[in-house]
1. Pairs under 8 Å by beta carbon, first residue surrounded by fewer than 11 Cβ atoms within 10 Å (Cβ to Cβ) in segment 18-34, partner among the hydroxyl-bearing types (Ser, Thr, Tyr), six or more apart or different chains?
2. Quick check on my filter: what residues within segment 55-84 are of a type in the set (Gly, Ala, Ser) and either more than 15 Å from Ser31 (Cβ to Cβ) or in contact with a Phe, Trp or Tyr (Cβ under 6 Å, 6 or more places away or on another chain) (or both)?
3. Kindly state which helices (runs of 4 or more DSSP H) lie completely within segment 1-70 and contain at least 2 residues that are of a type in the set (Ser, Thr, Tyr).
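The numbers here are math on the coordinates, done by the rules we state, and not lab data. Because the structure is a prediction, the values reported are computed rather than measured. When we count neighbours, we look across all protein chains shown, and the Cβ atoms used for this are built from the backbone with ideal geometry, even at glycine.
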Amino acid sequence: MSTETTTIPAEVAAHVLSHFGRGGYPAGDWSESLITLIDRADMINRAKLLATFPDYGRAVLLAKYDEEGIATLQRIAQGETVAVDSNPNVPW
């Protein structure tokens with residue numbers, strides 16, 4: 001189990017929530033393209049994107065694979081500070 005955490009800013013949480021149609025607000029073109037790339041990437045390219053953009057990467061993984069991920073992102077978007085494990089047990 002990892003003790004590392006990734007901080008997801010409220011703005012990033014809101015962008016990812018919007019991408020998945022669960023609230024938030026839309027990102028700009030570049031950030032929305034990044035979210036889409038992370039969402040659609042294969043295992044190898046997703047790992048590369050997560051290494052470079054850990055906040056967006058972790059937020060997308062939460063939304064897609066964590067059963068409490070959307071609720072966690074909603075709390076973050078509302079300004080709560082939430083520690084998020086940076087090495088989740090999710091399918092790559």
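1. Once the first residue is surrounded by fewer than 11 Cβ atoms within 10 Å (Cβ to Cβ) and sits in segment 18-34, its partners that are among the hydroxyl-bearing types (Ser, Thr, Tyr) give Tyr25/Ser18.
2. Result: Ala63, Gly69, Ala71, Gly79, Ala83.
3. Hits in segment 1-70: 29-40, 54-65.
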